[in-house]
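Report on the structure given below.
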Amino acid sequence: MRGGWGISYINSVSTGSSNGFTQSTPYVATVDAGRTVASLISNPFPSGIQTPSGASLGLATLLGQGPTFSDDSGTLGYVHSFSFGIQRQFRGQLSIDAAHVGSRTLASPTNRGFNELPADRQALGDVTRGGNPNYLNERVPNPFENLLPASSINSSTVPRQQLLRPYTAFTSFNRQDIPNGKVWYNSLQIGLNKRYSHGLTITAAYTLSKNIQGLNYLNAQDALPSRSLVPWDRTHRLVLAPIYELPFGPGKYFLGNSGRVVGRIAGGWQVTMNTTLQGGNPMTAPGNVFLLRNPKLANPTWDRMFNTGFIDADGVTVRNLQPGEQPAFQIQPPFSLRTASQYYGNLRNQWGREYNLTFAKNTTVREGWTIRSSGAIPRWIRRRRISERFCATTANRTSPGKFNSGCGSASDETSPWTSIAAVLSLCRAPPWQGQCGLRLPPCRGTRESAASARST
């Protein structure tokens with residue numbers, strides 16, 4: 001029985017901001033959503049190019065722009081790591097241990113929108129809360145006209161939403177390195193070890209785990225970061241690594257009394273396999289949809305991994321719906337708050353089994369002199385990942401959940417070759433890797449020096 005606890009701190013990597021000491025002049029192409037042109041190529045900066053002001057402007061630095069800044073508390077995050085386990089020895093050189101291993105990360109840095117519309121004002125444009133998006137998009141007289149040159153809020157009119165921001169003379173910007181993030185990790189780890197006997201050694205490890213993070217805000221109006229799975233979470237992972245010395249050659253069951261030449265050829269063979277079986281990591285959820293119901297299918301196929309039916313932003317049009325199904329998603333209307341988690345734990349990327357096989361041969365030339373040669377198949381019968389994400393698919397409003405070229409596979413629903421190509425790419429001819437080495441005994445002087453050091 002054993003256990004432990006420890007605490008470690010997260011190094012600060014904040015580089016701060018250089019507001020006022022570096023300056024970029026944004027190109028303003030339009031101020032009315034593309035209906036008219038605000039700047040021409042012949043004169044891209046009609047209001048001039050801005051120069052760094054240093055600290056001379058004080059709180060007026062970067063007026064009309066987005067002065068992202070870092071939290072000034074200097075708080076360092078820290079991690080509590082703990083474990084408790086039990087180990088038991090059995091007959092046959094076999095031991096099993098089981099342990100609960102976990103950690104708690106606190107005060108991890110996060111980022112949050114600092115100059116976004118408050119929730120009550122954003123609701124004025126959210127149709128799901130009785131608002132009208134045209135109200136916030138309507139252009140109204142600009143009190144900062146010609147006062148904020150080379151910015152997007154220097155014209156005679158601006159969208160009403162700009163004047164409803166907490167700091168109306170600035171655009172959207174972020175507060176960085178806020179020390180309020182958290183990460184939770186819990187796992188059951190079981191290990192099995194069979195010590196060397198009859199030429200066989202076995203090491204196996206199984207992990208059942210869950211890793212949750214609270215590091216990202218779904219909406220800038222939220223009080224705290226949302227909780228979701230981490231993108232690398234894998235519920236199940238099994239690693240099996242047996243090593244077997246073939247029973248041929250001197251001292252073995254077969255050809256144990258063979259001559260010198262036959263013994264060197266037949267003996268010293270070893271087979272090693274490293275097998276990894278694990279579940280997939282959670283899929284990334286689109287950022288512009290409401291989750292209406294569980295999109296998991298009872299019988300998913302390579303062509304349709306989950307329910308891809310969704311309701312368009314108008315709240316009426318339904319797309320990608322199969323007979324007998326209900327839509328699982330709905331496109332968010334403008335100015336609505338996100339409610340869907342960043343990652344879906346019940347929708348996971350496909351991850352296949354992986355086997356790494358190695359054949360090795362140890363040949364003793366003379367006492368202390370050994371030649372080791374090996375050949376390995378690093379990806380023997382390895383199935384590659386097929387799905388990466390279904391990111392950005394709902395934004396196209398054509399096929400949410402259908403893998404596209406930006407997510408690891410083709411998105412052409414009409415092509416019959418899409419699923420066939422995915423299946424054919426599962427397996428490839430594995431490359432061989434060969435190695436050869438010579439192990440020599442230490443020289444006499446080295447042995448004598450080591451013996452002298454031990455006696456001293």
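Rule-based calculations on the coordinates, nothing more; no lab input. Only a predicted model underlies this, so the values are computations on that prediction, with no experimental measurement involved. Don't worry about glycine lacking a Cβ; one is built from the backbone with ideal geometry, like all the others, and counts go over all protein chains shown.
What the table shows:
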quantity	calculated
Cβ charges +1 (Lys, Arg) and -1 (Asp, Glu), total dipole of the stretch 195-301, debye	260
Under 5 Å, built H, 5+ apart or other chain: amide partners of residue 348	283
Where chymotrypsin sites (Phe, Trp or Tyr not before Pro) fall in DSSP loop in the stretch 228-267, at most 15 other Cβ within 10 Å	232, 253
For q = 0.11, 0.24 Å⁻¹, Debye-computed log10 I/I(0) when each Cα of the stretch 10-82 counts as one equal scatterer	-0.49, -1.13
Segments 192-198, 155-161 sorted - mean Cβ within 10 Å per residue, highest first	155-161, 192-198
Between the stretch 304-353 and the stretch 26-55, the alpha-carbon center distance in angstrom	39
Bins of 5 Å from zero: percent of alpha-carbon pairs in the stretch 79-134	4, 12, 11, 8, 8, 7, 7, 7, 7, 7, 6, 5, 5, 5, 2, 0
At R0 = 35 Å, FRET efficiency that the Cβ-Cβ distance of residue 47 and residue 119 yields, to 0.05	0.55
Size-normalised alpha-carbon gyration radius of the stretch 173-311, reference 2.2 N^0.38 Å	1.81
Fully extended contour minus Cα-Cα distance, from residue 57 to residue 88, at 0.36 nm per residue	4.2 nm
Pairwise label distance in nanometres, residue 81 with residue 260, each label 7 Å out on the Cα-Cβ vector	5.3
